[in-house]
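First up is the structure itself, then whatever we jot down about it.
The values are calculated or read from the model by the stated rules, or taken from the named source; none is laboratory data. A quick note: this is a predicted structure, and the numbers were derived from the prediction, not measured. Cβ placement follows ideal geometry from the backbone for every residue including glycine, while neighbour counts extend to all protein chains displayed. Protein only, heavy atoms only, side chains kept; ligands, DNA and RNA dropped before computing areas. Shrake-Rupley method; radii C 1.70, N 1.55, O 1.52, S 1.80 Å.
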Amino acid sequence: MWAGNAGGTIARGALRNGAMSAPFEIMVGRIETLALDAVVNAANRQLAPGSGVDGALRSAAGPRLTEATNRIPPILTGEAVITPGYDAPMKFIIHTAAPIWTEPGPEGAKVAGLAKCYTSSIKMAASRGFESIAFPCLGTGVYGWPRGFACGIAVAACEQELPNAPKLKRVVFCCFTEDDAKIYRDGLGVS
Ligand code: ADP
């Protein structure tokens, strides 16, 4: 279980355009192992069991998670809903559905939809007074987003929303691979 910044895989970032220090951390690991206030699930609009992040979180949380998510859908693209983490180490799971990059439709609407996944999740965390949250690289698995492009949207959306979440001390970008972590390090301007 990962709950701190041991291991040397984490870099802290700083807001590039302000004096306030942003609480960004970058790690390589599995999001279902994180003992934080909340982790974000790369869900679909029906909250139907999926692969990738969703499958990993459902395995860790146990069957009560699917019982809970069966009662909620559909959700809108970019909307965030919350459940307990059940048997998984995080207290809560925030479920959000990214746009599918490979589907037809205007790029601007897709970008706004992916950004909203991040802002909605941070708003949800702020409304609950959470101090920590972890995001996977939303949209970059089966939803097909180019990784660098999605990272830029993620960082910009979080930077935009964080001033409205003063209690949030840790925003962890949980990358599945070292390649993704490098994209985030470059995006945040940290070494
Ligand atoms: P989406 O449907 O939004 O594309 P996926 O779950 O397919 O979501 O993938 C999102 C990202 O999460 C991908 O970059 C994938 O490599 C990564 N990923 C897959 N499993 C995990 C995991 N257990 N923990 C963290 N990241 C993961």
Which value in deg cm²/dmol, rounded to the nearest 500, describes the helix-derived mean residue ellipticity at 222 nm for the chain, given -39,500 (n - 2.57) per DSSP H run of n ≥ 4 and division by the residue count? -10500 deg cm²/dmol
Who wins for biggest fluctuation among Gly129, Gly78, Gly29 in a Gaussian network model of the chain, springs between alpha carbons below 10 Å? Gly129
Out of segment 42-79, which trypsin sites (Lys or Arg not before Pro) are coil in DSSP terms and have no more than 13 other C-beta atoms within 10 Å? Arg71
If you rank Thr66, Thr140, Thr102 by how much accessible surface each has, with a 1.4 Å probe, what is the order from largest down? Thr102, Thr66, Thr140
With every protein chain left in place, what is the accessible area of Asp54 in Å² (1.4 Å probe, nearest 10)? 0 Å²
Rounded to the nearest 10 Å², what accessible area does Lys110 have for a 1.4 Å probe in the complete protein model? 20 Å²
Would segment 76-119 count as rounded, prolate or oblate if I go by the C-alpha gyration tensor, calling it rounded below 1.5 in a/c and otherwise prolate when a/b exceeds b/c, oblate otherwise? prolate
Dipole magnitude of the chain about its Cα centre, charges +1 at Lys/Arg Cβ and -1 at Asp/Glu Cβ only, in debye to the nearest 20? 340 debye
Would you mind getting the accessible area per residue of the chain, heavy atoms of the protein chains only, 1.4 Å probe, in Å²? 45 Å²
For the chain, what is the Kirkwood estimate of the hydrodynamic radius, computed as the reciprocal of the mean inverse distance between distinct Cα atoms, to one decimal in Å? 16.3 Å
Rounded, prolate or oblate, given the Cα gyration tensor of segment 96-191, with a/c below 1.5 counting as rounded? oblate
Excluding ligands, DNA and RNA, the carbon-plus-sulfur percentage of the accessible area of the chain with a 1.4 Å probe reads 56 percent
Net charge near Tyr184 (other residues with Cβ under 11 Å of its Cβ; Lys, Arg +1; Asp, Glu -1) is -2
List the lysines whose Cα sits under 25 Å from the Cα of Lys167, skipping any in the same chain fewer than 8 residues away. Lys91, Lys116, Lys123
Counting only the heavy atoms of the protein chains, how much of Glu178 is accessible to a 1.4 Å probe, in Å² to the nearest 10? 90 Å²
Using only the Cα atoms of segment 12-124, build the gyration tensor, take square roots of its eigenvalues as a ≥ b ≥ c, and label the shape rounded, prolate or oblate: rounded if a/c is under 1.5, else prolate if a/b is larger than b/c, else oblate. oblate
Between the alpha-carbon centers of segment 72-147 and segment 157-189, tell me the distance in whole angstrom. 14 Å
Measure off 7 Å from each Cα along the Cα-to-Cβ vector at Glu103 and Lys123, then give the distance between these two points in nanometres to one decimal. 2.0 nm
Determine the gain in length on full extension of the stretch Thr33-Lys167; use 0.36 nm per residue of separation and subtract their C-alpha separation, reporting nm with one decimal. 46.0 nm
Relative contact order of the chain, defined on C-alpha pairs under 8 angstrom at six or more residues apart (%): 27 percent
Suppose accessible area is computed on protein heavy atoms with a 1.4 Å probe; arrange Val155, Val142 from highest to lowest. Val142, Val155
